[in-house]
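Every number in this text was worked out from the coordinates using simple rules, so none of it is lab data. Keep in mind it's a predicted model, so treat the numbers as computed, not measured. All Cβ positions, glycine included, derive from the backbone under ideal geometry; neighbour counts span all protein chains shown.
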Amino acid sequence: MGFSVLLLGYYSPIPELIVRMVPRLRLSSRPIRAHQMIYILYGLGTAVRLYLLAQGTGTWSTKAEELEVESALPIEVQNLTYFNNLALFAYLLATAYFFSAGRTRTFTFTLWGIMFPLEFLWVFLQGSKGLAIPVLLAPLIAFNYLRQRVTLRQLIVPVSFFIFIIF
C-alpha cells in the first residue's frame, strides 16, 4: 500500500506544484569543495560503522547478551550509533549532487563503485529490509527531479531487485 501511495504521489501533478513554489537549488561553484564535504561525512559515518562492527554490535544479531540487554556497548557509547547515519546522509547528498552538477570521473567511481555497494552491505548486515528503501530510491528521486522524469520502465529494475532479492 505504501509503494502504491509513493507511485501515486510520484506521477501526480502535486510534486510539480511543490517544486514550482520551492526556490531552485544553488550548488557550490566549486565541485571539489562539495565532494570533499561529502567524502568527510561518509568517512565519519563509515568509521562509526567500523567501530560498531569491531565491538560486535550495531548489526542484526542473535547474541544472547544483546537480546537481554539490547546492546553490548556501554550506555555512554550507545548514542554514538546514531552517527553511523552520516554515511547514509552523505550517500543521499552524493546522489543529489551527481545528478545535478557535480559529476566527475572520480566522484562517479566513488559514488557507484564504493558508496553504493557499501550502503547495500550495511543494509544486509542490519537485517532490516526497510533500510534498503532510501538506498534504492535516492538515485531515482534525484534523477527524476534533477535530470529528467523517470519512466515506469526505469522503475522495473530497482523494484524487481527490491521485491525478489531483498524481500
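The figures follow:
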{"item": "Computed lengthening from R20 to L155, 0.36 nm per intervening residue step minus Cα-Cα distance", "result": "46.2 nm"}
{"item": "Fully extended contour minus Cα-Cα distance, from F164 to L8, at 0.36 nm per residue", "result": "53.9 nm"}
{"item": "Inter-probe distance in nm under a simple model that places probes 7 Å from Cα toward Cβ, at R103 and L146", "result": "1.1"}
